[in-house]
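Read the structure below first, then the notes.
What follows draws every value from the coordinates through simple rules; no lab data is involved. Here the structure is a predicted model, which means the values were calculated and not measured. Don't worry about glycine lacking a Cβ; one is built from the backbone with ideal geometry, like all the others, and counts go over all protein chains shown.
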Amino acid sequence: MTGKTMVVLLDNLDLNKVFGTATPTPTVGEGSGNLSNGVSTYDNLWQLVGLVLLLIIILIAAYYTSRFIGGIKLGQMKKSNFQVIDSYRVTPNKALQIVKIGNKYVVIAIGKDDITYITELEESEVMIREIHQSDKQSFKQILDKLKNNNE
């Protein structure tokens, strides 16, 4: 014979575990507080704590990943030759934009599926609004200001 033979001793074999026969349900007097499948309340609690920690780790990773990608995109935009100077929405799907491309100012129409060149403007014709960046306030300062306004 070329096959292997396996001998099983039936004396040590628990047939309930092998065939999965149903375990008898406990009666009212027999430990009705225990779970029949062997999982305790502490195991469930540790699983819940583990899942909460996993969620926190995923949220922290998503936060730092988005900050990293945002920093890369911001660096690319600062080095770009394209700059949107002004935009005016005509309809929900159409807008006019003044775009600075290199040293030229161009007016384009942006639709849902197309972009149309309208005209080129001289630098003297373009009025650039300067945006003053105010001092960055912390959340506590903003909250205090809101509290003072409500009082």
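So, R0 is 30 Å and r is the distance between the beta-carbons of residue 141 and residue 65; what FRET efficiency does that work out to, to 0.05?
Once rounded, the FRET efficiency stands at 0.55.
From the cross-link list 73/112; 104/140; 78/112; 94/145; 112/140, which pairs have alpha carbons spaced over 32 Å apart?
Flagged as over cut-off: 104/140; 94/145; 112/140.
Would you compute, for the Cα atoms of the range 39-117, the largest minus smallest coordinate along each principal axis and list the three values in descending order, in whole Å?
The principal-axis extents, from largest down, are 71, 30, 17 Å.
Sorted by average packing, counted as other Cβ atoms within 10 angstrom per residue and highest first, what order do 83-89, 104-110, 56-62 take?
For the peptides 83-89, 104-110, 56-62, the packing ranking is 104-110, 83-89, 56-62.
Working from the alpha-carbon coordinates of the range 81-123, get Rg over Rh, Rh being the Kirkwood radius.
Using only Cα positions, Rg/Rh for the range 81-123 is 0.97.
Within a Cβ distance under 14 Å of residue 127, other residues only, what is the Lys/Arg minus Asp/Glu net charge?
Net of charged neighbours comes to -3.
Once fully extended, how much extra length lies between residue 114 and residue 54, figured as 0.36 nm per residue of separation less the alpha-carbon to alpha-carbon distance?
Contour length minus Cα-Cα distance gives 17.2 nm.
Once label points are set 7 Å from the Cα along Cα→Cβ at both residue 125 and residue 104, what is their separation, rounded to one decimal in nm?
1.3 nm
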